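The values are calculated or read from the model by the stated rules, or taken from the named source; none is laboratory data. Bear in mind that the values here come from a model prediction, so they are computed numbers and not experimental data. For neighbour counting, all protein chains shown are included, and Cβ atoms are generated from backbone atoms with ideal geometry for every residue, glycine included.
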Amino acid sequence: MLQVLRNKAQSTIMQAVVVIIALVFIFWGVGTRMMNGNQAAITINGEEISFQQFQKAYEQAVAQLRDQFNGAIPQGLAEKIGIKKQVINRFIQDSLLRQGAGKMGLIISPAEVQDTVRKMPAFQDNGSFSLEKYKSVLTRNSYTAHKFETSIQVDMLSQRSVVDIGNFASTVTDQEIEDLFNLEKESVSVTFAKISADLFSKKIHVTDAELVSWFETVKDSYKTDPQLKLKYLSFNVKDIGNKISIDEDSVKNFYNSNSASFTTPEQRHARHIFFKVDENSSEADEAGQRKKAEDVLKLARAGKDFAQLADQYSEGPAKTKGGDLGFFPKGKMIEPFDDTVFVMQPGHISDIIRTPFGFHIVKLEEIKAAVVKPLAEEHDKIVHQLQLEQAKSMAFQIANECYEGIIGAGSLQAYIKGHPDTNVVETDFFTQHSPPADIKNDQTFVNTAFALKQGELSSLIETTNGYAILFAEQIKEPVIPPLTDIKDRVTKDYVAVKSADMAKKTAEDILSQARTGGDFSKLVADSGVSMQSSGLLSKRNPEQKSPFPSSLADQIFQLSAKAPYPSEPGEVEKDYFVYKFAERTTPKTGLPDSERDQYRNALLKLKQQQILNAWITNQRKKATVTTHKGL
């Protein structure tokens, strides 16, 4: 067990051993009969997952990734991290868990499902289940009650199987707890040397014959990017819109019909004192928090400074600002809170408000009345908006007529000859990664252009600015340039590769000889580099300052006096590191009783996760799984 912990250990105990069971059940309802689909994307022991289900799950996974990058996923990242494979594996794992639950005789009763639904915050109003809200939320999300509750039942069954399988691990010994504590608190130091590739660059003597021979093995990496010379017709919505006249009656009608768009709604400035109660809180905890809120409310109404009370008693993030929530419009806050604030008068203090998050006491500071912007102030913006609305359909009509004209004429050249006033944009040769300035921000345009064959006309495409028709006039295919044209670049690359090879070979030789009895310090000195000390490094503080690379720090905790050397050099960019175990220190004090339960729970969760992983791996080996070739 200790070796497992040593291999898995990270910087903190929670990172080291609290492995959250990463089975996310998002009410997909992935049972065979829960969604319609003509084909199965995945089949697990006869249970079918439709393409509709797969696509929905995939889109959710991509959306979650997009949120992590503020809306824009770096190009190629989704493929690199294998989102599609992750979604497939999740479906397989969920299905195996459900099937396993059935074999174990586990069931979820309708009463359990109803109880779970009633406790969901999304369906509660003032702390109680609201049937009207339940129906409303399901309707907005295109769910029937039967379909939603069936999906909840499926998810609960999977979760129950996770718990029951994990419960085969039910004990943790005191020795295991002590081992983990010592492992987490220990510190290790090494002596080390950095063997840099730069040390060998001047020792590389390049001959023409060697360079020619090496270039033959890597020449494909020097291929030029394909280049395209393009002609295109652009139908810019903004340019067309600027030529459209908008009469004053249209402007007034738009202003009057969209008055809400020109109104800054009433805003209210409030402070609050917050007492946290979450779904894991016991009834006793909740009662204690309410009592605390009642006591603070008495102080506030007795004239105590509200901001000081918030600073002293509030448990929310606004605590450090005296509970100040700033100005906000109606609808910004959660309903019970929002409804109370927007019937208060400045200076008033509310009763205790219960929300899904806990208890709140609110003081309204001031009201900022709604403001309607005058037509004169918004006139030009309205004109511009109306121009764009009319111009978009007009741009499509013009572009479509032009496209039909080109097809009718037989070629772009023939159409231009018959319509000499046509504005044709011609580019010089460019690559997909360095397009001309006027199209570089339109990835759809660029991708469409490079999908064309030479002499091919595109269909009518929508661009960021309107519409366009593209013609690939000439394409330069990728070529491998002659060595003579890129000799300096190839020579530099050759020296870098050979220098890195020499650095690696030197580092490997040092370790090999040290492991067979050689003097590590002498071997390092003979290689021409200096020995350094890492100082004591601790898992509890992975960002501590040390000359030893932090990316290799985990590896040194595998070393000991009996096995002082790593199996191979550590590599960081162009540098190689050789190192030797120097010292290990263990905690001077024992595990405090206050932390013992934390360690016990963490170890128990690790054991449960290991059993679950082993069970799923075994079930998958025995399962019949087919994936549609379209995936």
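Somewhere in the range 137-144, is a residue of a type outside the set (S, T, N, Q) and touching a Phe, Trp or Tyr at 6+ places or on another chain (Cβ under 8 Å)?
yes
Just the residues that are within 28 Å of the chain's Cα centre (by Cα) and touching a residue at least 60 places away in the same chain (Cβ under 8 Å), please, taken from the range 613-629.
Result: Ile616, Arg620, Thr627, His628.
Only one residue in Val163, Val154, Val212 is assigned by TED's automatic domain parsing to the domain that holds Pro110 and either over 30 Å from Asp597 (Cα atoms) or touching a Lys or Arg at 6+ places or on another chain (Cβ under 9 Å) (or both). Which one?
Result: Val154 is the single residue among Val163, Val154, Val212 that is assigned by TED's automatic domain parsing to the domain that holds Pro110 and either over 30 Å from Asp597 (Cα atoms) or touching a Lys or Arg at 6+ places or on another chain (Cβ under 9 Å) (or both).
Can you find a residue in the range 458-471 that is out of contact with any Ser or Thr (no Cβ under 9 Å at 6 or more places or on another chain) and either closer than 30 Å to Asn423 by Cα or without any contact (Cβ under 8 Å) to a residue 12 or more places away in the chain (or both)?
Checked the range 458-471: at least one residue is out of contact with any Ser or Thr (no Cβ under 9 Å at 6 or more places or on another chain) and either closer than 30 Å to Asn423 by Cα or without any contact (Cβ under 8 Å) to a residue 12 or more places away in the chain (or both).
Here are Gly517, Gly455: which of them is on the phi > 0 side of the Ramachandran plot and either touching a helix residue (DSSP H, G or I) at 6+ places or on another chain (Cβ under 6 Å) or outside the structural domain of Glu404 (by TED's automatic domain parsing) (or both)?
Sole residue among the options that is on the phi > 0 side of the Ramachandran plot and either touching a helix residue (DSSP H, G or I) at 6+ places or on another chain (Cβ under 6 Å) or outside the structural domain of Glu404 (by TED's automatic domain parsing) (or both): Gly517.
I'm trying to understand the selection: among the residues of the range 172-181, which are farther than 13 Å from Glu595 by Cα and touching a residue at least 40 places away in the same chain (Cβ under 8 Å)?
Answer for the range 172-181, where residues must be farther than 13 Å from Glu595 by Cα and touching a residue at least 40 places away in the same chain (Cβ under 8 Å): Val172, Glu176, Asp179.
Listed here are the residues, each with its yes/no results for (1) surrounded by 14 or more Cβ atoms within 10 Å (Cβ to Cβ); (2) under 24 Å from Ala500 (Cβ atoms); (3) over 37 Å from the mean Cα position of the chain (by Cα); (4) without any contact (Cβ under 8 Å) to a residue 12 or more places away in the chain.
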residue: Ser551; (1), (2), (3), (4): no, yes, no, no
residue: Pro569; (1), (2), (3), (4): yes, yes, no, no
residue: Phe581; (1), (2), (3), (4): yes, no, yes, no
residue: Asp597; (1), (2), (3), (4): no, no, no, yes
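Only residues in the range 405-432 that are within 27 Å of Glu477 (Cα to Cα) count as the first member; pair them with residues that are exposed (fewer than 13 other Cβ atoms within 10 Å of the Cβ) and of a type outside the set (D, E, K, R), Cβ under 7 angstrom, at least 6 apart or cross-chain, and list the lot.
Thr427/Pro436; Phe430/Pro436
Examine the range 604-612 for a residue that is over 29 Å from the mean Cα position of the chain (by Cα) and among the basic types (Lys, Arg), and state whether such a residue exists.
The answer is no; no qualifying residue exists.
What number of residues within the range 614-631 are assigned to a helix (DSSP H, G or I) and surrounded by fewer than 13 Cβ atoms within 10 Å (Cβ to Cβ)?
5
Of the residues Thr506, Thr448, which is farther than 22 Å from Asp225 by Cβ, among the hydroxyl-bearing types (Ser, Thr, Tyr) and surrounded by 14 or more Cβ atoms within 10 Å (Cβ to Cβ)?
Of Thr506, Thr448, the one residue that is farther than 22 Å from Asp225 by Cβ, among the hydroxyl-bearing types (Ser, Thr, Tyr) and surrounded by 14 or more Cβ atoms within 10 Å (Cβ to Cβ) is Thr506.
Of everything in the range 513-534 that's of a type in the set (Gly, Ala, Ser) and assigned to a loop (DSSP other than H, G, I, E, B), which residue is nearest to the chain's Cα centre (by Cα)?
Among those residues, the one meeting the criterion is Ser534.
Yes/no matrix, rows are residues, columns are (1) touching a Phe, Trp or Tyr at 6+ places or on another chain (Cβ under 9 Å); (2) among the polar types (S, T, N, Q); (3) at pLDDT 90 or above:
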{"position": "Lys368", "(1), (2), (3)": "yes, no, yes"}
{"position": "His379", "(1), (2), (3)": "yes, no, yes"}
{"position": "Glu389", "(1), (2), (3)": "no, no, no"}
{"position": "Phe396", "(1), (2), (3)": "yes, no, yes"}
{"position": "Glu404", "(1), (2), (3)": "no, no, yes"}
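Can you tell which of Lys194, Lys243, Lys229 is at pLDDT 90 or above and closer than 30 Å to Ala395 by Cα?
Step by step, each of Lys194, Lys243, Lys229 is checked, and only Lys229 is at pLDDT 90 or above and closer than 30 Å to Ala395 by Cα.
Residues of the range 111-134 being part of a helix (DSSP H, G or I), surrounded by fewer than 14 Cβ atoms within 10 Å (Cβ to Cβ) and either among the β-branched types (Val, Ile, Thr) or free of Cβ contacts under 8 Å to residues at least 40 places away in the same chain (or both), which ones?
If the condition is that a residue be part of a helix (DSSP H, G or I), surrounded by fewer than 14 Cβ atoms within 10 Å (Cβ to Cβ) and either among the β-branched types (Val, Ile, Thr) or free of Cβ contacts under 8 Å to residues at least 40 places away in the same chain (or both), then Ala111, Gln114, Asp115, Ala122, Leu131, Glu132 are the ones that fit.
Of all residues being in contact (Cβ under 8 Å) with a residue 24 or more places away in the chain and hydroxyl-bearing (Ser, Thr, Tyr) in the range 247-287, which is surrounded by the fewest Cβ atoms within 10 Å (Cβ to Cβ)? Just the residue, please.
Across the range 247-287, the extreme among qualifying residues is Ser259.
Would a scan of the range 353-376 turn up a residue that is free of Cβ contacts under 8 Å to residues at least 60 places away in the same chain, surrounded by fewer than 18 Cβ atoms within 10 Å (Cβ to Cβ) and closer than 30 Å to Ile246 by Cβ?
Within the range 353-376 (the criterion being free of Cβ contacts under 8 Å to residues at least 60 places away in the same chain, surrounded by fewer than 18 Cβ atoms within 10 Å (Cβ to Cβ) and closer than 30 Å to Ile246 by Cβ), the answer is yes, since at least one residue qualifies.
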